[in-house]
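The values are calculated or read from the model by the stated rules, or taken from the named source; none is laboratory data. This is a predicted model, so every value here is computed, not measured. No Cβ is skipped: glycine too gets one built from the backbone with ideal geometry, and neighbour counts run over all protein chains shown.
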Amino acid sequence: MGKLAITGGTPVRATPQEQLVWPQHDQAECDALARVADSGQWQQGPEVAEFEEMFAAYQHAQHAICASNGTVTMEIALRAFGVGAGDEVIIPPLTFCATGLCVLMVGAVPVFADVERHNSNLCPKAFEAAITDRTRAVIPVHIGGTPADMDGIMEVARKHDIKVIEDAAHAHGCEWKGTRVGAIGDIGSFSFQSEKMMVSGDGGIMTTNDDDYAALCKSLRTFGYKSPKPLMTSNWRMGEFQAAVLKVQFSRLDDQIAHKMDNLDRFLDRLKEIDGITYEMDERVTRLNGYTVSLIYEAEKFKGLHRDKFLEALKAEGYTMTASYTNPLYKGRLYQEKAFGASWVVEKLGQKVDYSNVCCPVAEKLAAEERITVGHHYNLMGDKKDIDGLVDAIIKVQQNVEEIV
Ligand SMILES: Cc1ncc(COP(=O)(O)O)c(C=O)c1O
């Protein structure tokens, strides 16, 4: 029996760190739902319009357009740019499947470009190297709420006349050089799915500073409604219940961000005590939201202990950190087997697509052994004791690592 809980010792925390209940709600959400129910207007109406205005102002955007989720928002954006069969869209590989699926849903080809090691976000140089004469759009993801290098990405995109969709599903309230993300590119996309900073069960929103794209996205969202020309599209509206709940969730957002950032700052400060887990933030990032931050685990400073074993040992001590995105998207069966469905006509048009040789080395190393993230944002809703306990547990694992290597 050793000192570490994983070898039979006493854990730092007797009961595993409780994941706080998320989403959070109180009577205000119930009142909002009742108000909509009583109003008789359940389909998209004034609640949606009011929330769109609030969110646009918050994200420093001229327009915000609600939709059913944060995947179709990106599909609508691609449709607004006229992206379709045969076109290529560049995306990073360490992201949720939605970033690739929206591209496939319009019949286009996702092309993967490598990420930057310190933040797991699309690398502008790798983006530029992946451009071909078919490239029409790029989707940088602000993963975990850390903004991608928007200066570098916008410079490359403008030089090559490529449209930019910011996947800001995690990045409500985050800023790049004083401007909130989402309308730095051509169109931004946010999610209100159940794990996100603000929740409506499902839900999404697009942001843009372009009047024409805003009008087109509105039409594309709703059967082509009010479009001056016919549009082949669908119905991706948000209902009034979701928007009413979002207005309440929004009223708590900044206080919650402040609380999470307080805890995150404490964690990052104490992290300096540990030689072997590093954190680097671009100074042009002027606001985070405490969703997650990406850290680098250096196995050699833990006597060669693999990251996944480290996370297991930490869990036994009662604390959870995650690796998240342990498989670059292109390695998934969808891509390897090209199971893209009958409507994906690219290869029928004679364009050869092969994901078996794709390799983004930085992303692969991060995914396999280096990347860890601190909690999920709702863990950061806890108190300072939780943060100190987590750091103490990391130190304990490192000090007794010879028990498990
Ligand atoms: C990075 C990223 N992009 C897009 C989405 C899609 O959002 P939704 O679930 O609202 O469709 C998610 C998560 O759900 C996500 O994590």
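Picking from LYS301, LYS315, LYS348, LYS352, which residue would you name as being assigned to a helix (DSSP H, G or I), free of Cβ contacts under 8 Å to residues at least 12 places away in the same chain and surrounded by fewer than 22 Cβ atoms within 10 Å (Cβ to Cβ)? Full working, then the answer.
Values: LYS301 fails: free of Cβ contacts under 8 Å to residues at least 12 places away in the same chain; LYS315 fails: free of Cβ contacts under 8 Å to residues at least 12 places away in the same chain; LYS352 fails: assigned to a helix (DSSP H, G or I).
The unique qualifying residue is LYS348.
What is the residue count in the range 183-195 for residues that are surrounded by 23 or more Cβ atoms within 10 Å (Cβ to Cβ) and either touching a residue at least 60 places away in the same chain (Cβ under 8 Å) or out of contact with any Asp or Glu (no Cβ under 8 Å at 6 or more places or on another chain) (or both)?
7
Return the pair list, or none, for Cβ contacts closer than 6 Å from residues in the range 320-341 that are part of a loop (DSSP other than H, G, I, E, B) to residues that are among the polar types (S, T, N, Q), at least 6 apart or on different chains.
SER324/THR373
Only one residue in GLU128, GLU195, GLU175, GLU166 is closer than 25 Å to GLY332 by Cα and away from the ligand (no atom under 14 Å from the Cβ), so which one is that? Break it down stepwise before answering.
Working: GLU195 fails: away from the ligand (no atom under 14 Å from the Cβ); GLU175 fails: closer than 25 Å to GLY332 by Cα; GLU166 fails: away from the ligand (no atom under 14 Å from the Cβ).
Of GLU128, GLU195, GLU175, GLU166, the one residue that is closer than 25 Å to GLY332 by Cα and away from the ligand (no atom under 14 Å from the Cβ) is GLU128.
Write out, first by first residue and then by second, each pair whose Cβ atoms fall under 9 Å of each other, whose residues are 6+ apart or on separate chains, and whose first residue, in the range 130-155, is closer than 23 Å to ASP87 by Cα while the second is surrounded by fewer than 21 Cβ atoms within 10 Å (Cβ to Cβ) and at pLDDT below 95.
As it stands, the answer is ARG134/GLY86; ARG134/GLN351, since those pairs meet every condition given.
Out of the residues in the range 214-234 meeting the condition of being hydrophobic (A, V, I, L, M, F, W, C) and within 26 Å of the chain's Cα centre (by Cα), tell me which one is farthest from the ligand (Cβ to nearest atom).
ALA215
Hydrophobic (A, V, I, L, M, F, W, C) and in contact with a Ser or Thr (Cβ under 9 Å, 6 or more places away or on another chain), is that true of ALA367?
Values: hydrophobic (A, V, I, L, M, F, W, C): yes; in contact with a Ser or Thr (Cβ under 9 Å, 6 or more places away or on another chain): yes.
The answer is yes for ALA367.
Spot the failing condition for ARG180; the list is (1) crowded, with 19+ Cβ neighbours inside 10 Å; (2) touching a residue at least 60 places away in the same chain (Cβ under 8 Å); (3) within 16 Å of the ligand (Cβ to nearest atom), and only one is missed.
Here ARG180 meets the rest and fails (3).
Starting from residues that are farther than 21 Å from CYS359 by Cβ and assigned to a helix (DSSP H, G or I), keep the ones in the range 79-104 and report whichever is nearest to the ligand (Cβ to nearest atom).
ALA98
Please determine whether any residue of the range 63-78 is more than 16 Å from the ligand (Cβ to nearest atom), crowded, with 16+ Cβ neighbours inside 10 Å and modelled with pLDDT of 95 or more. Show your work before the answer.
As a first pass, look at the range 63-78 and keep what is more than 16 Å from the ligand (Cβ to nearest atom): 63.
Keeping just the survivors that are crowded, with 16+ Cβ neighbours inside 10 Å gives 63.
Narrowing further to those that are modelled with pLDDT of 95 or more: 63.
Checked the range 63-78: at least one residue is more than 16 Å from the ligand (Cβ to nearest atom), crowded, with 16+ Cβ neighbours inside 10 Å and modelled with pLDDT of 95 or more.
Need the failing condition index for LYS260 against (1) within 30 Å of LEU390 (Cα to Cα); (2) part of a loop (DSSP other than H, G, I, E, B), just the number.
(2)
Being farther than 27 Å from ALA32 by Cα, outside any loop (DSSP other than H, G, I, E, B) and modelled with pLDDT of 95 or more is true for just one of TYR225, TYR213. Which residue is that?
Matching residue, one of TYR225, TYR213: TYR213.
Take ASP308 and tell me if it is in a loop (DSSP other than H, G, I, E, B) and acidic (Asp, Glu). So that I can check it myself, show each step before the final result.
Working: in a loop (DSSP other than H, G, I, E, B): no; acidic (Asp, Glu): yes.
No, not satisfied.
Just to be sure I understand, how many residues within the range 252-298 are of a type outside the set (A, V, I, L, M, F, W, C) and within 22 Å of MET381 (Cβ to Cβ)? Please lay out each step first, then the result.
First pass over the range 252-298, keeping only residues of a type outside the set (A, V, I, L, M, F, W, C): 252, 254-256, 259-260, 262-263, 265-266, 269-270, 272-273, 275-276, 278-280, 282-284, 286-287, 289-292, 294, 297-298.
Imposing the further condition that a residue be within 22 Å of MET381 (Cβ to Cβ) reduces the set to 252, 254-256, 259-260, 262-263, 265-266, 269-270, 279, 287, 289-292, 294.
The number of residues fulfilling the criteria is 19.
Have a look at PHE55, PHE96, PHE112 and point out the one that is over 16 Å from GLY204 (Cα atoms), aromatic (Phe, Trp, Tyr) and under 26 Å from the mean Cα position of the chain (by Cα).
Working: PHE55 fails: over 16 Å from GLY204 (Cα atoms); PHE96 fails: over 16 Å from GLY204 (Cα atoms).
Just a single option satisfies the conditions, and that option is PHE112.
Would you point out which residue out of ASP255, ASP211, ASP269 is more than 27 Å from TYR325 (Cβ to Cβ), surrounded by fewer than 19 Cβ atoms within 10 Å (Cβ to Cβ) and more than 24 Å from the chain's Cα centre (by Cα)? Reasoning before the result, please.
On the way: ASP255 fails: more than 24 Å from the chain's Cα centre (by Cα); ASP269 fails: more than 27 Å from TYR325 (Cβ to Cβ).
Criteria check complete, one pass: ASP211.
Checking the structure you have, find out if any residue of the range 370-384 is without any contact (Cβ under 8 Å) to a residue 60 or more places away in the chain, surrounded by fewer than 19 Cβ atoms within 10 Å (Cβ to Cβ) and in a helix (DSSP H, G or I).
No: zero hits.
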